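The values are calculated or read from the model by the stated rules, or taken from the named source; none is laboratory data. Remember, it's a predicted structure, so these values are computed and weren't measured experimentally. Every residue, glycine as well, gets a Cβ built from its backbone with ideal geometry; the counts of neighbours run over all protein chains shown.
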Amino acid sequence: MNLTAIIAALQQGDLRALARAISIVEAGGATAEALLDQVPLLASKADVVGITGAPGAGKSSLLDCLIEVYKQRDSRVGVVAVDPTSSVHDGAILGDRIRWMRHACSPNVVIRSLASRGSLGGVSAATAAVVRLLAAAGCRPVFVETVGVGQIGSEIAGIAGLVVALTAPGLGDDIQMMKAGVLDVADLVVLNKADLPGASALHSALAAELEHRGGRIISTNAIDGGGVAELVGAIDELRHAAGRTPNGHPVDRSRLEARIVEHSLALLRPRLRARLATMANLNLPPDDLARILAEAHETSRPLSNP
Ligand SMILES: Nc1nc2c(ncn2[C@@H]2O[C@H](COP(=O)(O)OP(=O)(O)O)[C@@H](O)[C@H]2O)c(=O)[nH]1
Ligand SMILES: [Mg+2]
């Protein structure tokens, strides 16, 4: 099958063609580029919902509940689980596979795990490409699970139109840390493990913080499904709202800016790394090197003001 035929088949919803296309994209190189050139861009980023949070917060468990709801609907649901810390053979991804196995025979569910140990700069590019393939094959929405630690967590904002940040009691994921990172790009905050001690105090503290920002918090229990209906309602509402606003985002300006910055960083990171690799000595203080790198980048590509 040539690339055009693969894409035509996947757009008809052919799962084997989809699997084939994903393998090509994962292998990378010129064939991957040629294939992606022919895949339509996402019509609306509101069709991509990012679920981010620290390891162990319950992202995969909660996604299991969400898949159960969304697979009952007319459209297909997609899940892309990205774990930059594991390889496909590691426990984390294997655990997700087993957990999600009960959905595997449903023609309405497409699940894909991506492992990308050691190539942080590549996480968003590979993920974005696979997400586009799933969307082209009719998945609405595509959920993307990413480990929300530092940069990787906020990179999701460049891919997803809607970002759900997950936390749970006892993760040491305190509010100061969330404020410094993921709260800026989250459209919805979920406090999972609502059954655990400390959950209601954490809920109140997060709610107080979010009140300033106009954000919303929902408590869930991924084990018994508590709060899942409310979460689905909120996700649907935000996706619907996103579809109606001219710029496709239901967010205020500061969040939009945070999102654009994250996306730009994701694009710049590999270029800066490549540039750094060509620099002869790295003995200067890191701050000076960073400044030199940033200035060199600025002068090599003047910003035009459209
Ligand atoms: N008590 C409790 N445990 C949960 C809940 N959600 C998930 N867990 C457990 O927390 C652990 C980590 O969950 P997992 O979904 O793998 O987290 P992830 O790393 O964020 O994907 C697992 O042992 C789950 O069974 C919950 O709502 N309550
Ligand atoms: Mg997980």
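Descriptive notes on the structure:
- Being at pLDDT below 70 and either surrounded by fewer than 14 Cβ atoms within 10 Å (Cβ to Cβ) or closer than 25 Å to Ala125 by Cα (or both) is a property that Ala258 has.
- Residue match in segment 144-165 (condition: within 16 Å of ligand 1 (Cβ to nearest atom), modelled with pLDDT of 90 or more, of a type in the set (Val, Ile, Thr) and over 23 Å from Leu267 (Cβ atoms)): yes
- Some residue of segment 53-69 being polar (S, T, N, Q) and part of a helix (DSSP H, G or I): yes
- If you filter segment 51-72 down to residues that are more than 6 Å from ligand 1 (Cβ to nearest atom) and among the hydrophobic types (A, V, I, L, M, F, W, C), you find that the one that is farthest from the chain's Cα centre (by Cα) is Val69.
- Residue check for Thr52: modelled with pLDDT under 80, within 15 Å of ligand 2 (Cβ to nearest atom) and in the same structural domain as Ala199 (by TED's automatic domain parsing): no
- Selected residue (criterion: farthest from ligand 1 (Cβ to nearest atom)) from residues of segment 8-50 that are in contact with a Pro (Cβ under 9 Å, 6 or more places away or on another chain) and assigned to a helix (DSSP H, G or I): Gln11
- In this structure, Arg16 does satisfy being without any contact (Cβ under 8 Å) to a residue 40 or more places away in the chain and closer than 17 Å to Val109 by Cα.
- Those residues of segment 268-306 which are part of a loop (DSSP other than H, G, I, E, B) and either over 31 Å from the mean Cα position of the chain (by Cα) or at pLDDT 80 or above (or both), in sequence order: Met279, Ala280, Asn281, Leu282, Asn283, Leu284, Pro285
- Selection status of Ala81, under 16 Å from the mean Cα position of the chain (by Cα) and assigned to a loop (DSSP other than H, G, I, E, B): no
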